Structure formats: C-alpha cells, structure tokens
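Have a look at the structure below, then the notes.
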Amino acid sequence: MNKKRIILGLSGGVDSSTSAYMLKEDGFEVIGVTLVVSKEQRESQDLKDAISLGKELNIEHIVLDIVDEFNEKIVKYFIDEYSKGMTPSPCVVCDEIIKIKKLIEIANLKEAYYIATGHYCEISKENRFKRNLFKKPKDIKKDQGYMLYRIEPEIIERMIFPLAKYEKTIVREKAKKYGVKVFDKKDSQGICFAKEGYLEFLKKMLGDKIKPGNYLD
C-alpha cells in the first residue's frame, strides 16, 4: 500500500477543507470522498463546496451516494432505539459502521494506506497497552475522540487527524490563508438528519406512538 496516498473525508466544511490543504502541503496524494447520506444533501451547498474544493486542489474526488444504506443502518436505528425508551448516539454508530468503514474500503481499493478526517482528535501510541489510543486534541472544547471510541485498533493505525494540534480559531485562520472559500462557514451542530432538532424529528416520524412516561434512575 502507498503510504503517501491518503483518503480524506470531505464534507464541504471548513475543517475537512483545511485538512485537504494541509495534507497536500505535507506531500500526500489526497483523494477526497464525500458521502451523501440524505436526499437533501444531494442538492446541498455543502456538496457543492466539496466538489468545488476538489477542483481547486486538482485532486481526485469521489461522491458516494449511500442514502438508502444510511437510512437503514442509522436513521432506522435512531428511531427504533428511542421507540424502546433508549437514548441512542447515532453519530458514534455512524462513524463506526458507515463513515470510517467507507473510507477504509475506498482506501483499500485505491491502495492508500492512510485515511483522514477533520475530527478534532489525536492518536497516541501507548506501549503499555501495545496499541494506539485516542487522546484529547489541542482544542479540548472541540474534542471529538468520544465519537470514534468504537473504531478498531487496526484501523486507528491508519488514521491521521490533521487538526489535532490546532485550536479552531487557528484552523479558520489557516483556511483563510490557504484561500478556502468556506473559511468562515458556520460549524455544523446536532444530528445531520434531524436539522429541526431530534425531538421534532421523532415527533414527525413517530407521531402518536410517542407517549409520556417517567424518568427512571
């Protein structure tokens, strides 16, 4: 496998866009991958921004439409778990079985050793455990290591986080310096498939099935 070729999850936001510039600056052959997980995303500004960045950097850019798979494995899981009275964490599950899995699959096809994302997370080699572990990044307020805790050790070995040693304000400054058009784009918040808020989403999807109940400790 080629250790100078890297597959980057490219969302169209400032973090992944800046990561693309940083990785290319470090001498990597960057291949961007955008996962389309909803019908709305197919026509979204984020997708247009990701495509535009790929052209600006003159890198290969793969747009993978996985709407049906995402609905079945993540959205359905989210609804089913809440219906049982559980409190699911869809982003954690998505990172494990959708996003990182797809990046690794494409990396294997392209014979790229590394994959990268714009997560604020760092990797540390812990000899006492004989494996790599996630640790807090420079910007503790943006720490996203908890979202990746289910990733297998052999995959962590192949992951790179370009933003690990930077605070978000510095990342935006770097983005502006690189000429990233989305350097001031607002951070995404909440669940990607429930922009209106998870409660409103559940009401829309479950309707009269939602019943009042007690909080049990």
Next on the checklist: I'd like the antiparallel share, as a percent to the nearest 5, of DSSP beta bridges with both residues in the chain.
Outcome noted: 25 percent
Next on the checklist: Please give me the summed charge of the neighbours of Ser17: other residues whose Cβ is under 10 Å from its Cβ, Lys and Arg +1, Asp and Glu -1.
Outcome noted: -1
Checklist outcome for this item: Residues whose built amide H sits under 5 Å from the amide H of Ile160, excluding neighbours closer than 5 in sequence, are Ile115, Ala116, Thr117
Checklist entry - Do any chymotrypsin sites (Phe, Trp or Tyr not before Pro) in region 174-217 lie in a DSSP loop with no more than 14 other beta carbon atoms within 10 Å, and if so, which? => result Tyr215
Next on the checklist: Just to check I understand the Karplus step: with θ = phi - 60° and J = 6.51 cos²θ - 1.76 cosθ + 1.60, what whole-Hz values come out for region 96-107, glycine and proline as x?
Outcome noted: 6, 9, 10, 5, 5, 4, 5, 4, 5, 4, 5, 4
Checklist entry - How big is the equivalent ellipsoid of region 28-105 along its three axes, where each semi-axis is √(5λ) from the Cα gyration tensor, reported in whole Å from largest to smallest? => result 29, 14, 9
Item to check | Of the GluC sites (Glu not before Pro) in region 153-217, those whose Cβ has at most 15 other Cβ within 10 Å and which sit in DSSP loop | outcome: Glu157, Glu196
Next on the checklist: Given the DSSP H assignment, sum -39500 (n - 2.57) over each helix run of at least 4 residues in the chain and divide by its residue total; what's the result at 222 nm in deg cm²/dmol, nearest 500?
Outcome noted: -10000 deg cm²/dmol
Item to check | Test item: Cα-centred dipole of the chain, Lys/Arg +1 and Asp/Glu -1 on Cβ, debye | outcome: 540 debye
Item to check | Cα-derived Rg over Rh, computed across region 2-209 with Rh taken as Kirkwood radius | outcome: 0.97
Checklist outcome for this item: A student applying the Cα gyration tensor rule (rounded when a/c is under 1.5; otherwise prolate if a/b is larger than b/c, oblate if not) would label region 84-127 oblate
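FYI, it's all coordinate maths here, none of it is from the lab. Since we're looking at a predicted model, the values are computed, not measured. Using ideal geometry, Cβ is built from the backbone for each residue, glycine included, and neighbour counts are taken over all protein chains shown.
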